[in-house]
Amino acid sequence: MAHVRSWFARAAAAALVSVALAGCGASRLAAERRSGDSLRVVTTFLPVTLFTRAVAGDCATVTSLIPAGTSPHAFQAKPADLAALGRAQVLVKNGLEVESFLDGLVASAGNRTLTQIDSSRGVVTLPSSGDRAAHGQEAGHEHGHRRGAANPHIWLDPLRAVQQVDTIRDGLMKVDPGCARGYQRNAAAYTARLRQLNEEIARQLKPFAGRTFIAFHDFAPYVAQRYGLRAMSLVDVPELNPSPADLQRVTAAVKASGLKALVSEPQEGHRSFNALARDLGVRIVEFDPIETASDPESEDPATYVRVMRRNAAGLRQVFGDPGGP
């Protein structure tokens, strides 16, 4: 994500002037926080926003730093983002280097009392597959996951999502103990839905245990591990172009496994992946990694449950289940 860091350096200089003019000094922040307003929470991108809204309920005002329709890969900070961080009391992030731009952005906001909640804390991670052997790309590519780094897509496993929700709950309770019961009640209701979702998906995918599915980029290992599947990807992250070796590797895997479809994100539609599917005589099935959504969807924590149900139905279709969509 070096491109994110480069534009950030340019944006931060201009944005600092805006923040200074806005007068968001420490004394003003302290006065605002004594005014009795609800807790001001800033989140990073969609899954973290959905989980935080579920926990916060009426106890906190939740604002997403990254617009609902924007991927964290494409985010470009504006002066208003620095101002929002300057006013916030809590920042909730996914962690695992998805939001690599955050450290500089938070430092520039100058909010010394900001509490950060890393929702990945304590979650068992899987390694990124982004290396030269796996994808025919130069290891450590500036747009790829760093070699040896954890794959960040933990939210796509409903039970790891439960852990994220619990961590967000604990963090908000610590900052805002006056609403502790509300945070506990909201988190318990939401995690119950996530556990039910996990059981539902597990039943649906159990007949395909041990099967392999192929996605465009490397977002699926947590889903695969949770439900006894195997995941392959054409490239590490969406910005990479597949090499001839990538295409040959996936072609061989499709022919060997008898897959009926390849898996692609709705926002990608990568030409080479679509062309590969046509050449192999298979279809493209959408799997939404829940990184972007419409504005109304981003306001509703139930969006996560609905999208994951659609994703499970798509995976059944990949394996030739006529019950798929």
Requested in this report: List the residues whose amide H sits under 5 Å from the amide H of THR43, counting only those 5 or more places along or on another chain, with H placed 1.01 Å from N in the peptide plane.
Outcome: THR63, SER64, LEU65, VAL92
Query - Full-stretch length increase - ARG271, ARG306 - with 0.36 nm per residue and alpha-carbon distance subtracted - result: 9.8 nm
Report task. Find, among the chymotrypsin sites (Phe, Trp or Tyr not before Pro) in segment 249-314, those assigned to loop by DSSP (not H, G, I, E, B) with at most 11 other beta-carbon atoms within 10 angstrom. Result -> none
Report task. Grab the Cα-Cα distance for ALA253 and ALA80, subtract it from 0.36 nm times how many residues apart they are, and report the gain in nm with one decimal. Result -> 57.6 nm
**Report entry** Rounded if a/c under 1.5, otherwise prolate or oblate - segment 199-318, Cα gyration tensor axes
**Finding:** oblate
Query raised in the report: Can you work out the FRET efficiency for the pair ALA245 and ALA149, with r the C-beta to C-beta distance and R0 = 22 Å, to the nearest 0.05?
Result: 0.50
Report task. With an 8 Å cut-off on Cα pairs and a minimum separation of 6 or more residues, tell me the relative contact order of segment 199-318 in percent. Result -> 25
Report task. Using R₀ = 51 Å, calculate the FRET efficiency as 1/(1 + (r/R₀)^6) where r is the Cβ-Cβ separation of ARG278 and VAL124; round to 0.05. Result -> 0.85
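Just so you know, all these numbers are worked out from the coordinates, no wet-lab data involved. None of these values were measured; they are calculated from a predicted model. Reconstructed Cβ throughout: ideal geometry from the backbone, glycine too, with neighbour counts over all protein chains shown.
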